[in-house]
Amino acid sequence: QVQLAESGGGLVQPGGSLRLYCTASGSSASSGTMGWYRQAPGKQRELVAQEISGGGTNYADSVKGRFTISRDNAKNTLTLQLNNLKFDDTAVYYCRWTRWGSPTVWGQGTQVTVFS
């Protein structure tokens, strides 16, 4: 059973930066693909950025050029670098792990709040 541990959320002013971390643990953690989603109050959960099977990454249009994901395979840790943050980026950010044939796993979520 894969488990996810997230960290790195917080408060930041517009234009600021944050870095989120998600570490996957478990015997099959390294064989899945990972991504970040977010959910703002009153809205549906939406994709932020994710790894694509076979390599590469996919970003939501709203974060392209501002957010970057990277993975440390040795640590099974997915990092989300958030730059030039905007009010609309305020949300709970969730890490997701998936692998064909296995249940999807979600992290507990970490809050990102952009305020002035």
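The values are calculated or read from the model by the stated rules, or taken from the named source; none is laboratory data. The model shown is predicted, which means the values in this text are computed figures rather than measured ones. Counting neighbours? That spans all protein chains shown, and the Cβs are built from the backbone with ideal geometry, glycine included. We work out accessible area using only protein heavy atoms, side chains counted, and drop any ligands, DNA or RNA first. Shrake-Rupley method; radii C 1.70, N 1.55, O 1.52, S 1.80 Å.
Some values worked out for this structure:
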| quantity | calculated |
| --- | --- |
| Counted charge near Gln3, where neighbours are those whose Cβ lies closer than 15 Å (Asp, Glu -1; Lys, Arg +1) | +2 |
| For the chain, accessible area per residue (1.4 Å probe, heavy atoms of protein chains only), Å² | 54 Å² |
| Segment 1-77-segment 91-116 distance, computed between alpha-carbon centres (Å) | 7 Å |
| Note, ³J(HN,Hα) from phi for segment 27-38, Karplus 6.51, -1.76, 1.60, rounded to Hz, x at Gly and Pro | 5, 10, 4, 6, 9, x, 9, 10, x, 10, 10, 8 |
| Of all accessible heavy-atom area on the chain, the percent that carbon and sulfur account for (1.4 Å) | 47 percent |
| 3J(HN,Hα) from dihedral phi, segment 96-111, Karplus parametrisation 6.51/-1.76/1.60, rounded to Hz, x for glycine, proline | 10, 10, 9, 7, 4, x, 10, x, 5, 10, 10, x, 7, x, 9, 7 |
| Coil-residue chymotrypsin sites (Phe, Trp or Tyr not before Pro) of segment 37-116, DSSP, other Cβ within 10 Å capped at 14 | Trp100, Phe115 |
| DSSP-defined antiparallel bridges as percent of all bridges, the chain, nearest 5 | 90 percent |
